[in-house]
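Working notes for the structure below.
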Amino acid sequence: HLTKYIVQTHVAAYRHGLRIVDSHAENTYRIETPLGPLFPDRRLTIVSPIGSRFTNCIELDNSTESLVSATSVDSIELKIKKYLHDLAACNYGYRVQFVVTRSSRRAQHIRQLVMRHQPQVRFAPFYVVSLDEYLSAENPFLKPIFASANAKRIGLLRVEAASLLQHKNKQPATLLPAPALC
């Protein structure tokens, strides 16, 4: 499932004039927090045509971890708390995407946890998206498929929409399809 997400991200980025940089594979990026270390399933930075950078940590949810647990060292709630410690330490310098592979009910439960732990800042650091919706979106960066604590459904790069649409309109009509990824 993670491979499908990564391929869709790279193909959509290519088609819309975005670059993916600083990409760290599963369990290769370590975040130290007072609650223990955190290893995102993927960490990457999206760079817009005008140079804006959007760093994201990806957490693929296959419904294998408890949502909340007083005894487990691996629950979604604990991950949220660990991310909040790191986000606060770096002035909310990145986003966390929970990519849900199974039920929409599970996605709702994760969104409720996100809402419960939303920090008192204007920036919403957590986003929940269905893998199926992400894979079926032509432009998963602009399509309002991400749920956050502050809004029902939004586009991940909505603040960059004008520059992305402008870039797409400037592309030549003979644009070749994105190269196949093995």
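Throughout, read-outs are computed from the coordinates displayed, never taken from laboratory work. No experiment lies behind these values; they were computed from the predicted model shown. Counting neighbours? That spans all protein chains shown, and the Cβs are built from the backbone with ideal geometry, glycine included.
So which GluC sites (Glu not before Pro) in the range 10-106 end up in coil per DSSP with only 12 or fewer other C-beta atoms within 10 Å? Please report the intermediate quantities before stating the final value.
Details: sites: GLU26, GLU32, GLU59, GLU65, GLU77; in loops: GLU26, GLU32, GLU65.
Here the GluC sites (Glu not before Pro) that fit, given the DSSP loop and packing criteria, are GLU32.
Taking the Cα centre as origin and putting +1 on Lys and Arg beta-carbons and -1 on Asp and Glu beta-carbons, what dipole magnitude results for the chain, to the nearest 20 debye? Don't skip to the end; give the middle numbers.
Working: 23 positive and 14 negative charges, 108 e Å.
The calculation lands at about 520 debye.
Counting other Cβ atoms within 10 Å, which chymotrypsin sites (Phe, Trp or Tyr not before Pro) in the range 70-100 have at most 16 and lie in a DSSP loop? Kindly include the intermediate steps, with their values, before the conclusion.
Values: sites: TYR83, TYR92, TYR94, PHE98; in loops: TYR92, TYR94.
Counting only loop positions with at most 16 other Cβ atoms within 10 Å, the chymotrypsin sites (Phe, Trp or Tyr not before Pro) in the range 70-100 are TYR92.
Please work out the Kirkwood hydrodynamic radius for the range 88-136, using every pair of different C-alpha atoms, and report it in angstroms with one decimal place.
Values: mean 1/r = 0.0850 Å⁻¹.
With all distinct Cα pairs of the range 88-136 included, I get 11.8 Å.
Counting only Cα, what are the radius of gyration and maximum Cα-Cα distance Dmax of the range 12-108, in Å?
14.6, 46
Averaging sequence separations of C-alpha pairs under 8 Å and six or more residues apart, then dividing by the length of the range 1-130, give the relative contact order as a whole percent. Please report the intermediate quantities before stating the final value.
On the way: 202 pairs, mean separation 25.6, N = 130.
Reported relative contact order: 20 percent.
Please build a GNM for the chain, connecting alpha carbons under 10 Å apart, and tell me which residue among SER69, SER48, SER130 fluctuates the most.
Sorting by GNM fluctuation, first place goes to SER69.
Largest first and to the nearest Å, give the Cα extent of the chain along each principal axis.
Principal extents (Cα only, largest first): 57, 31, 31 Å.
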